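Here is the structure we will look at.
The values are calculated or read from the model by the stated rules, or taken from the named source; none is laboratory data. Being a predicted model, the structure only gives us computed values, none of them experimental. Cβ placement follows ideal geometry from the backbone for every residue including glycine, while neighbour counts extend to all protein chains displayed. SASA here: full protein model, heavy atoms, side chains in, ligands and nucleic acids out. Shrake-Rupley method; radii C 1.70, N 1.55, O 1.52, S 1.80 Å.
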Amino acid sequence: MSISQALANATSGLSAVSRQAGVTSQNIANALTPGYSRRDVTLAERTLAGEGAGVRVAGIARAEVPALTAERRGAQAETAEVGARAAATEKISRLLGGPEDAGSLFRRLSAFDQSLRSLANSPDSAPAQQAVVASASNLLQRINSIANAYQEIRAGADNDIAAAVADVNSSLKALERLNDQIASATVAGRDASALLDQRDGLLDRINQSIPVKPLIRENGRIDLMTSEGVMLFSGTAREILFSNTPVITAGMTFAGGSLSGLSVDGVDITPGSSGRASTAGALAGLFAVRDNVAPQAAVELDAFAQDLIERFEASGVDPTLAPGTAGLFTDNGAALAPPIAAGLASRITLNAAVDPSQGGALWRLRDGIGAATPGAVGSDMLLRDLIAAFDAPRPSGLTSGRSLGALESASELGAAAAGRLTSTDAALQSSIGFVTLIQNAELAETGVDTDAELQNLLLIEQAYAANARLIQTVGEMIDRLMEI
């Protein structure tokens with residue numbers, strides 16, 4: 001080997017280890033940076049005129065495991081979907097409450113029941129009569145507020161859908177810019193690792209709302225499609241269309257055309273209604289809340305409200321009622337008449353005939369809704385019939401389908417919501433655990449091990465010292481030759 005060859009080898013070695021030192025220090029500096037993938041310098045033999053001329057940096061390899069990344073994204077999309085449903089289910093369960101919760105639906109109904117029984121023991125007591133009206137009003141206000149809250153949950157989900165769609169569309173535009181930058185860097189031979197990290201972060205963000213699969217193209221570019229094969233990005237970003245409905249009422253549904261779905265280039269991708277739609281991701285969870293979870297809770301509450309109304313306007317309970325007239329509880333002042341419109345729980349009210357604040361008279365609780373004049377002050381017959389109607393087992397419109405008394409219906413309503421919450425919460429915790437497992441596996445392959453990087457630095461230091469020593473030796477040899 002000539003002196004010039006030795007010098008060329010040593011200088012190329014110094015250049016290579018200098019690049020290695022820079023990349024290794026970058027790895028250590030970003031060991032705790034979310035989304036950072038470890039970099040490794042790829043070395044190759046350098047040749048000149050067919051002969052070895054040291055070493056060269058062939059490129060920067062970015063650690064990645066596509067199979068683990070795809071599995072992790074799939075698990076995160078599942079978690080986002082379950083998380084959206086779990087949040088709504090928790091709100092519904094909290095609104096209904098349980099027997100142990102002060103102010104819960106069950107406790108309000110129980111208070112009404114107790115006031116009615118107290119009045120039956122003292123039919124002539126004006127304070128007892130007033131207590132029945134007050135407890136009935138509190139009960140109905142609670143039913144109304146829960147029903148309205150259910151629609152607010154649906155409207156909130158619709159607003160969240162609009163925000164998520166806007167974020168996905170914005171991310172797709174950002175992906176378009178990053179794609180161009182990565183392609184330019186790749187063609188120019190520059191390291192595009194930082195840009196690839198940013199792009200992966202964007203893909204994670206999009207995937208949180210709607211599961212996606214990247215398709216690798218030339219020069220580091222990618223296209224993007226949903227897990228069901230609908231293209232979201234192909235050279236340029238496609239726009240996901242959605243129309244927000246800020247106020248949602250009980251009768252509004254997607255199937256009925258009053259609520260918006262999702263579409264891309266005319267393709268319907270609305271979760272739950274299309275074979276081209278994903279069942280995972282936050283958008284799927286939010287659509288489930290808007291179109292299934294909250295509406296199901298509303299239907300059950302309407303069934304409970306209907307049961308309450310029917311108990312007190314049933315034939316034979318109050319002989320003063322003419323056929324087709326409202327009993328103690330009403331549908332916005334009227335008797336129930338089929339078909340019953342959705343949202344009954346938001347319309348259930350106390351009959352004005354017994355409410356002094358609406359021009360009614362308290363004594364009608366004792367003597368009958370349709371009574372024209374007060375009857376015997378000590379008569380408890382009607383009150384006992386009202387209590388019997390309250391307690392009577394009736395076919396339930398709830399999940400069990402059993403015949404239940406009014407208090408049992410309220411208890412089952414709360415128990416059903418609590419059961420769904422427990423089930424959804426368990427699914428969420430299981431999903432989170434799986435995501436953590438996959439994340440750790442991916443991090444083990446692509447993350448930075450600072451101990452390993454520090455050991456790398458020691459080897460780099462030794463290689464640097466060896467190359468530097470070789471250059472020093474070559475210099476000494478040249479000096480000696482000059483002296484001869």
| task | Return one number: the angle in degrees, 0 to 90 and rounded to the nearest 10, between the long axis of the Cα atoms of helix 193-209 and the longest principal axis of the Cα atoms of the chain. | result | 20
| On the accessible surface of the stretch 324-457, probed at 1.4 Å, how many percent belong to carbon and sulfur atoms? | 57
| Packing-wise, with mean Cβ within 10 Å as the measure, how do 445-453, 346-354 rank, highest first? | 346-354, 445-453
| Estimated vicinal HN-Hα couplings, Hz - the stretch 376-393 in sequence order (Karplus 6.51, -1.76, 1.60; Gly, Pro = x) | 5, 5, x, 6, 10, 4, 5, 4, 5, 5, 5, 5, 5, 5, 5, 7, 4, x
| request: When you have a sec, figure out the Kirkwood radius of the stretch 358-437 from all distinct Cα pair distances and drop it here in Å to one decimal? | output: 16.7
| remark: If unit charges are put on Cβ atoms (+1 for Lys and Arg, -1 for Asp and Glu) and the dipole of the stretch 1-61 is taken about its Cα centre, the option from Ala53, Thr33, Gly13 lying farthest towards the positive end turns out to be Thr33
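Can you figure out the FRET efficiency of Thr47 with Met231, using R₀ = 41 Å and their beta-carbon distance, to the nearest 0.05?
0.40
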| Quick one: what do you get for the stretch 78-135 if you divide its Cα Rg by 2.2 N^0.38 Å? | 1.77
| message | If you fit an axis through the alpha-carbon atoms of helix 66-96 and take the longest principal axis of the Cα set of the chain, what angle between them do you get, 0 to 90°, nearest 10? | response | 20
| Where only alpha carbons of the stretch 22-81 are counted, the Rg and the Dmax (Å) | 18.0, 61
| Relative contact order for the stretch 50-195 using alpha-carbon pairs under 8 Å, separation at least 6, rounded to a whole percent? | 18
| task | Could you work out, for the stretch 327-484, what percent of all Cα-Cα pairs fall into each 5 Å distance bin, beginning at 0 Å and stopping at the bin that holds the largest distance? | result | 2, 6, 7, 8, 9, 7, 6, 5, 4, 4, 4, 3, 3, 3, 3, 3, 3, 3, 3, 3, 3, 2, 2, 2, 1, 1, 0, 0, 0
| query | In whole Å and largest first, what semi-axes does the C-alpha gyration tensor of the stretch 300-360 yield when each eigenvalue is scaled by 5 and square-rooted? | reply | 18, 15, 9
| Within the stretch 154-179: backbone nitrogen closer than 18 Å to the Glu239 label point (7 Å, Cα to C-beta) | 162-177
| task | Please work out, to two decimal places, the log10 of the ratio I(q)/I(0) at q = 0.22, 0.23 Å⁻¹ from a Debye calculation in which every Cα of the stretch 1-121 carries one identical scatterer. | result | -1.17, -1.20
| request: For the stretch 208-242 and the stretch 28-63, compute the distance between their C-alpha centroids and round to whole Å. | output: 30
| task | Would you work out which of Ser258, Thr279, Asn207 lies farthest towards the positive end of the dipole of the stretch 166-300? Charges go on Cβ: Lys and Arg +1, Asp and Glu -1. | result | Asn207
| Karplus 3J(HN,Hα) series, Hz, for the stretch 153-158 with 6.51 cos²θ - 1.76 cosθ + 1.60 (x for Gly, Pro) | 4, 5, 5, x, 5, 5
| field | Solvent-accessible area per residue, Å², over the chain with all protein chains present [probe radius 1.4 Å] | value | 47
| said: Nearest 500 deg cm²/dmol is fine: what mean residue ellipticity at 222 nm does the chain get from its DSSP H runs of n ≥ 4 alone, each adding -39,500 (n - 2.57), divided by its residue count? | reply: -20000 deg cm²/dmol
| Roughly to the nearest percent, how much of the accessible area of the stretch 101-255 is carbon and sulfur, given a 1.4 Å probe? | 50
| Hey, can you rank 290-297, 10-17, 171-178 by average C-beta count inside 10 Å, highest first? | 290-297, 10-17, 171-178
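If the chain between Asp391 and Glu218 were fully stretched, how many nm would it gain, using 0.36 nm times the residue separation less the Cα-Cα distance?
Gain in length upon complete extension: 54.9 nm.
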| remark: Computed about the Cα centre, the charge dipole of the chain from +1 Lys/Arg and -1 Asp/Glu charges at the Cβ has a magnitude in debye, to the nearest 20, of 360
| message | Can you compute the modelled spin-label distance between Ile3 and Ser122, with each label point 7 Å from Cα toward Cβ, in nm? | response | 12.0
| note | For the chain, using Cα atoms only, the Rg and Dmax in Å read 36.3, 140
| query | If each of Ala58 and Asn292 carries a label point 7 Å out from its Cα toward its Cβ, how far apart are those two points in nm? | reply | 5.0
| Principal-axis tilt of helix 294-313 within the chain, Cα atoms, nearest 10 degrees | 10
| query | What Kirkwood radius, in Å to one decimal, follows from the Cα pairs of the stretch 107-159? | reply | 12.4
| field | Centre separation in Å (Cα based) which lies between the stretch 129-148 and the stretch 250-282 | value | 37
| field | Gain upon complete extension [Ile28, Leu407; 0.36 nm per residue less C-alpha separation] | value | 130.0 nm
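Grab the other residues whose beta carbon is less than 15 angstrom from that of Ser110, score K and R as +1, D and E as -1, and report the net.
Around Ser110, the surrounding residues sum to -2.
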| said: Need one number for the stretch 226-275: average projected area of the convex hull over its C-alpha atoms, nm². | reply: 4.2
| When the dipole is taken about the Cα centre of the stretch 394-468, and only Lys, Arg (+1) and Asp, Glu (-1) are charged at their Cβ, what size is it in debye, to the nearest 20? | 840
